[in-house]
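This report concerns only the one structure given below.
The values are calculated or read from the model by the stated rules, or taken from the named source; none is laboratory data. Bear in mind that the values here come from a model prediction, so they are computed numbers and not experimental data. Every residue, glycine as well, gets a Cβ built from its backbone with ideal geometry; the counts of neighbours run over all protein chains shown.
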Amino acid sequence: MATHSLPMPARIASIDAAVRDNHVFTFALSDDLRVAPGQFVEVTVPGVGGFPVSVCALSPERVLEACIRRVGRVTSALYTLPVDACVGIRGPFGNGFPLQAFEGRDALLIAGGLGMAPIRALLHALMNRGDGVGQITLLYGSRDPDSLLFRTELETLARQHRARVQFSIDFYTELPWTSGDVVCRVGLVNSLLDGLSFHPERTTAAICGPPALYGCVLEELVALGMDPDFIYATLERRMRCGIGQCCHCVTGGTFVCQEGPVFNLSRLRQLPGVI
């Protein structure tokens, strides 16, 4: 897989502003760039700077789709650009989720907040593998209903029985909607594991979300009977330069951008302070 170490020219093809401060940008690329679920790219806003972001969908080779949160100077500058504005894209970087680890097994996908973006790309990849993957279950938690990314799409997948989907909403006193196809609970996303029907011995899990999510979910999955070798998490929040120069991602002597950002739990246990 080719990596573009210098930014390639790209233009903003569309902007989906469905969720406040978490817009989905589609970039039309000037060259082929195949990005696997869990990998990330660097987006450069000319004259301002760059930032890392993971893809949120499987796209044709000259199209890239990313859910980008407005959190700082560079992303705020991106939000001021119109459709057809020019940016730079370099990458891909990192290892991505190992799709072969899901072959012949059920898939349990757990996302918190913006972590739904790379999990969505993985979800698409698994559905595209057809009968090679068993039952797909998605557990997704967000702080409120308006912050749920790709909610309409996920509810449609549940209605079509292509995936089991359960939502959790933080700190609501009552559920804001009801649906016969999607379970929604008030509480944190790990509460969705309570009473969840699945076969841990034949399930592969993928988790993405804030650090607190990993602290309460990863070992809980082991306690439920899952093999640590088949529990994957991405440390994409530690990404910055993508090429091992800034050392921002170094954890336990490991360059996360080089070896990761996706690790199984067996490897994560060997990285002090990572969880």
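Worth pointing out:
- Residues of the range 1-22 that are in a strand (DSSP E or B) and within 14 Å of Arg70 (Cα to Cα): Ile15, Asp16, Asn22.
- Test: residue in the range 164-184 that is surrounded by 15 or more Cβ atoms within 10 Å (Cβ to Cβ), modelled with pLDDT under 90 and assigned to a helix (DSSP H, G or I): no
- Filtered residues of the range 23-54 (kept if in a strand (DSSP E or B), under 15 Å from the mean Cα position of the chain (by Cα) and among the small types (Gly, Ala, Ser)): Ser54
- Check on Gly215, touching a Phe, Trp or Tyr at 6+ places or on another chain (Cβ under 6 Å), at pLDDT below 90 and not assigned by TED's automatic domain parsing to the domain that holds Ser54: no
- Here the condition is being under 30 Å from Gly225 (Cα atoms) and part of a helix (DSSP H, G or I); of Ala107, Ala77, Ala101, it holds for Ala101 alone.
- Members of the range 229-245 that are at pLDDT 70 or above and closer than 23 Å to Leu6 by Cβ: Glu236
- Any hit, the range 85-92, residues being in a strand (DSSP E or B), surrounded by 24 or more Cβ atoms within 10 Å (Cβ to Cβ), aliphatic (A, V, I, L, M) and over 11 Å from the mean Cα position of the chain (by Cα): yes
- Number of the condition not met by Glu259 [criteria: (1) in contact with a helix residue (DSSP H, G or I) (Cβ under 6 Å, 6 or more places away or on another chain); (2) modelled with pLDDT under 90]: (1)
- Residue in the range 54-75 that is touching a Gly at 6+ places or on another chain (Cβ under 8 Å) and buried (at least 21 other Cβ atoms within 10 Å of the Cβ) present: yes
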